[in-house]
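To start, the structure under review is shown below, and the notes come after it.
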Amino acid sequence: CPSSPKHPSTPSEKCGVLNVTKITENGKKVRKNWTSSWTVLQGSSLLFAKGQGGSTSWSYYRSGSIPELLLTLLSSWKRSVKPRPAVSYVNCGPVQAAAKFGSNQSKPEFTVDLRGGSVEWASKDKSSKKHVIELKTRQGTELLIQSEIDSVINDWYRALTETINTHAWE
Ligand code: I3S
């Protein structure tokens, strides 16, 4: 991934579109609001851009828009069967990320400090969706992060775990 506005000279380690909701903010429970967000892992920070990923499959499903649902599922499937590079941390091109976090609409909607945080697979009582990661920060924010594509979410799980372990004592 290319650089973020906050750290212009530092390359990002990972980025992509994920479905995200906060469930707790500063220790207080908040109402779920799943959104599709452009997500960038940069050092010990996780940055989310608002509404960058388009609608999600289940929102089409819920609204009864079957053609859109089928198209979304088809594109997910196409992405999942594409040959993937052996190294998972190279899935963002400069043009793609510059367009998302570029000069015009550069501000991430929110940023999470991963230092001292924890990550685990969410239990069924946290969400009915599959492939959900629960991320807790030291500041008392809890997020659920999800992708329909298991290889994508597995890569994020690995990357977040590694980042948290690397920065555990900072
Ligand atoms: O954990 P919950 O409250 O069952 O989560 C669901 C609700 O937040 C729901 O919103 P409304 O209560 O406004 O209908 C969301 O639309 C669902 O996506 C939430 O459940 P999942 O299991 O998808 O995280």
Problem - Qualifying positions in the stretch 143-160 - open to solvent by 40 Å² or more (accessible area, probe 1.4 Å) and within 16 Å of the ligand (Cβ to nearest atom) - result: GLU148
Practice task
Write out, first by first residue and then by second, each pair whose Cβ atoms fall under 9 Å of each other, whose residues are 6+ apart or on separate chains, and whose first residue, in the stretch 23-34, is farther than 14 Å from LYS129 by Cβ while the second is open to solvent by 100 Å² or more (accessible area, probe 1.4 Å) and within 8 Å of the ligand (Cβ to nearest atom).
Solution key: none
Practice task
Select from the stretch 87-138 the residues that are away from the ligand (no atom under 16 Å from the Cβ) and in contact with a helix residue (DSSP H, G or I) (Cβ under 6 Å, 6 or more places away or on another chain) and write down the one among them that is modelled with the lowest pLDDT.
Solution key: SER88
Practice task
Could you grab the pairs with beta carbons closer than 6 Å, sequence gap of 6+ or different chains, first residue in the stretch 125-154 and over 19 Å from ASN165 (Cα atoms), second one among the basic types (Lys, Arg)?
Solution key: GLN146/LYS129
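The values are calculated or read from the model by the stated rules, or taken from the named source; none is laboratory data. Just so it is clear, the structure is predicted and the values come from calculations on it, not from any experiment. All Cβ positions, glycine included, derive from the backbone under ideal geometry; neighbour counts span all protein chains shown. Remember, those area values only see protein heavy atoms, side chains included, never the ligands or the DNA or RNA. Shrake-Rupley method; radii C 1.70, N 1.55, O 1.52, S 1.80 Å.
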